[in-house]
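Asker: First the structure, then my questions, so here it is.
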Amino acid sequence: MTINATVKEAGFKPASRISSIGVSEILKIGAHAQAMKREGKPVIILGAGEPDFDTPDYVKDAACTAIKRGDTKYTALDGTPELKKAIREKFQRENGLAYEQDEITVATGAKQILFNAMMATIDAGDEVVIPTPYWTSYSDIVQICEGKPVLIPCDAASGFRLTADKLEAAITPKTRWVLLNSPSNPSGAAYSADDYRPLLDVLLRHPHVWLLVDDMYEHIVYDGFRFVTPAQLEPRLKDRTLTVNGVSKAYAMTGWRIGYAGGPRDLIKAMAVVQSQATSCPSSVSQAASVAALTGPQEFLKERTASFQRRRDLVVSGLNAIDGLDCRVPEGAFYTFSGCAGMLGKVTPSGKTIETDTDFCAYLLDDAHVAVVPGSAFGLSPFFRISYATSEAELKEALTRIADACARLS
């Protein structure tokens, strides 16, 4: 038998580390919805976690200037000195956190920051505590790095927030990290200083456990909520905390792909090793644009947040007016995470019984042409996520369609 014949017979064999991991459910739903739109169906897509605002002009101008002056070459591995300086100033100005230059890292999006951190620190079998609902990539990144995600359900009654007793019970000698996200994707829940305090006290009792906090939605909070980050609240944890952020959400720069973090220099150095063998430096032009974003005018952030709050109120009230749905008011981000337990067991006009939140979301897409994401994708059912980062006109139309589709269930 020839070598080629042997290969053909054996077929492709994926690495075991990705055998239980698929493409993001959010991306699959979005691709299906886009395909329906190309077929001429009037689909409203409320699945993407992307602001509908444009990148500010002063940021785009900075990118154009960088291109014209020739800043189109490789940069320092994990961030230009100019961007690291802007990030340091941002952390000091907004969070009261002082980092040295070698305690800052920049990567191609916050997702790469998370991946670098896990790859640099996790050995096979190490545990990472993740409250659910959670952003879908968290657990998959841990698994790819051969760690064990420890998923802790946090229901609507607890505000979708982790409590100290649940955290204490989850920690074992194998726990390497606790991963917290505030405001949260998908729930919009945020941790106040009082919410964080008991969790930080637990971590102080377990010096082998490190804390990774995802602050990506820091600037999108409502009703006077005061954003805080753990290392700001508890300096004794700063030397084992990685504070992750980026420009994607606040500055509407999702496509520019810049994430950053501040943390202990030994961790940052180890993360740089991973990045050096993966992507190397982030885009030079995107870094120049991010300097402008972090150091330029910030007043527009409040205006955009006010717009998001109006949309939040519209969606929450619209969903809660539908019998069988129960939507908590989120403190931040641009998502609602609504319970749909009241829809389970009902029958669609075509005779199909809705048994799960996935069934419910599929029904909304097929029948109402509204694309939303089931809670199962985020580790907690029966819920569904709506991204209200779209126009109020589209949101009103989507809510009307959802209400009509629910009314047709028997």
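Asker: Of all the Cα-Cα pairs you can form in segment 97-256, what percent are over 21 Å apart?
Answerer: Working: 5516 of 12720 pairs.
The calculated P(r) of segment 97-256 puts 43 percent of pairs beyond 21 Å.
Asker: Choose one of 48, 67, 163: the residue whose Cα lies farthest towards the positive end of the charge dipole of segment 30-163 (beta-carbon charges +1 Lys, Arg; -1 Asp, Glu; about the Cα centre).
Answerer: With unit charges placed on the Cβ atoms, the residue in question is 67.
Asker: Report, in degrees rounded to the nearest 10, the 0 to 90 angle that the Cα long axis of helix 392-407 makes with the longest principal axis of the chain.
Answerer: In the chain, helix 392-407 runs at an angle near 40 degrees to the longest axis.
Asker: Then there is this: For residue 365, what accessible area in Å² do you get when you roll a 1.4 Å probe over the heavy atoms of the protein chains, rounding to the nearest 10?
Answerer: 10 Å²
Asker: At 1.4 Å probe size, with the rest of the protein present, what percent of the exposed accessible area of the chain is carbon and sulfur atoms? Please list the in-between numbers first.
Answerer: Details: 9480 of 17640 Å².
Of the solvent-accessible surface of the chain, carbon and sulfur hold 54 percent.
Asker: Hey, rough spin-label estimate for residue 64 and residue 93, points 7 angstrom out along Cα→Cβ, what's it come to in nanometres?
Answerer: Rounded to a tenth, the inter-label distance reads 2.4 nm.
Asker: Then there's this: Output the Cα-based Rg and Dmax of segment 10-79 in Å, rounding Rg to one decimal and Dmax to a whole number.
Answerer: 20.1, 55
Asker: Quick one: net charge of residue 230's neighbours, Cβ under 12 Å, K/R +1, D/E -1? Write down the numbers at each step before the final one.
Answerer: Numbers: positive: 197, 236, 238, 240; negative: 195, 201, 214, 215, 234.
Net charge in that neighbourhood comes out at -1.
Asker: Another question about this same structure. Find the accessible area per residue for the chain; the probe is 1.4 Å, ligands and nucleic acids are left out, and the unit is Å². Please report the intermediate quantities before stating the final value.
Answerer: On the way: 17640 Å² over 410 residues.
I get 43 Å² per residue for the chain.
Asker: Which value at 222 nm does the chain reach when only helices count, each DSSP H run of 4 or more adding -39,500 (n - 2.57), with the total divided by all residues and rounded to the nearest 500 deg cm²/dmol? Before the final figure, lay out each step's value.
Answerer: On the way: 14 runs with 160 residues, N = 410.
Value at 222 nm, helices only: -12000 deg cm²/dmol.
Asker: Within a Cβ distance under 14 Å of residue 305, other residues only, what is the Lys/Arg minus Asp/Glu net charge?
Answerer: Working: positive: 226, 249, 302, 304, 310, 311, 312; negative: 52, 218, 223, 299, 303, 313, 331.
Residues near residue 305 contribute 0 overall.
Asker: Plugging the Kirkwood radius over Cα pairs into Stokes-Einstein for the chain, at a temperature of 4 °C and a viscosity of 1.567 mPa s, what D comes out in µm²/s? Don't skip to the answer; put the middle values down first.
Answerer: Details: Rh = 22.5 Å.
Calculated translational D: 58 µm²/s.
Asker: Please turn the phi angles of segment 166-180 into ³J(HN,Hα) values with the Karplus equation 6.51 cos²θ - 1.76 cosθ + 1.60 (θ = phi - 60°), one per residue in order, whole Hz, x for glycine and proline.
Answerer: Per-residue couplings from phi come out as 5, 5, 4, 5, 7, 6, 10, x, 8, 5, 9, 9, 10, 10, 10 Hz.
Asker: Using the C-alpha gyration tensor of segment 227-314, what are the square roots of 5 times its eigenvalues, in whole angstrom, with the largest one first?
Answerer: Over the Cα atoms of segment 227-314, the ellipsoid semi-axes are 27, 20, 11 Å.
Asker: Shifting gears a bit: So for 280, 338, 350, what's the accessible-area order with a 1.4 Å probe, most first? Write down the numbers at each step before the final one.
Answerer: On the way: 280 45, 338 0, 350 110 Å².
Ranked from most to least accessible, the order is 350, 280, 338.
Asker: Among rounded, prolate and oblate, which fits segment 359-404 when a ≥ b ≥ c are the square roots of the eigenvalues of its C-alpha gyration tensor, a/c under 1.5 means rounded, and a/b larger than b/c means prolate? Intermediate values should be presented prior to the final figure.
Answerer: Values: a/c = 2.62, a/b = 1.45, b/c = 1.81.
Since a/c reaches 1.5 but b/c is at least a/b, the shape of segment 359-404 is classed as oblate.
Asker: Angle between the Cα long axis of helix 284-295 and the longest principal axis of the chain, 0 to 90 degrees, nearest 10?
Answerer: Approximately 80 degrees, to the nearest 10.
Asker: Answer rounded, prolate or oblate for segment 127-205, using the Cα gyration tensor with square roots of eigenvalues a ≥ b ≥ c: rounded when a/c is under 1.5, else prolate when a/b is larger than b/c, else oblate.
Answerer: Since a/c reaches 1.5 but b/c is at least a/b, the shape of segment 127-205 is classed as oblate.
Asker: Under a 1.4 angstrom probe, counting protein chains only, how are 394, 39 ranked by accessible area, largest first?
Answerer: Output order, biggest surface exposure first: 39, 394.
Asker: Additional query: Provide the per-residue ³J(HN,Hα) series for segment 15-31, in order, calculated from phi with Karplus coefficients 6.51, -1.76, 1.60 and θ = phi - 60°, each as a whole number of Hz, with x at glycine and proline positions.
Answerer: Computed from phi, the couplings for segment 15-31 are 5, 4, 5, 10, 5, 9, 10, x, 5, 3, 4, 4, 5, 5, 5, x, 5 Hz.
The values are calculated or read from the model by the stated rules, or taken from the named source; none is laboratory data. All values derive from a computational prediction rather than experimental measurement. Virtual Cβ from ideal backbone geometry, glycine too; neighbours counted across all protein chains shown. For the accessible areas, the whole protein counts, side chains as well, though only heavy atoms, and no ligand, DNA or RNA atoms are used. Shrake-Rupley method; radii C 1.70, N 1.55, O 1.52, S 1.80 Å.
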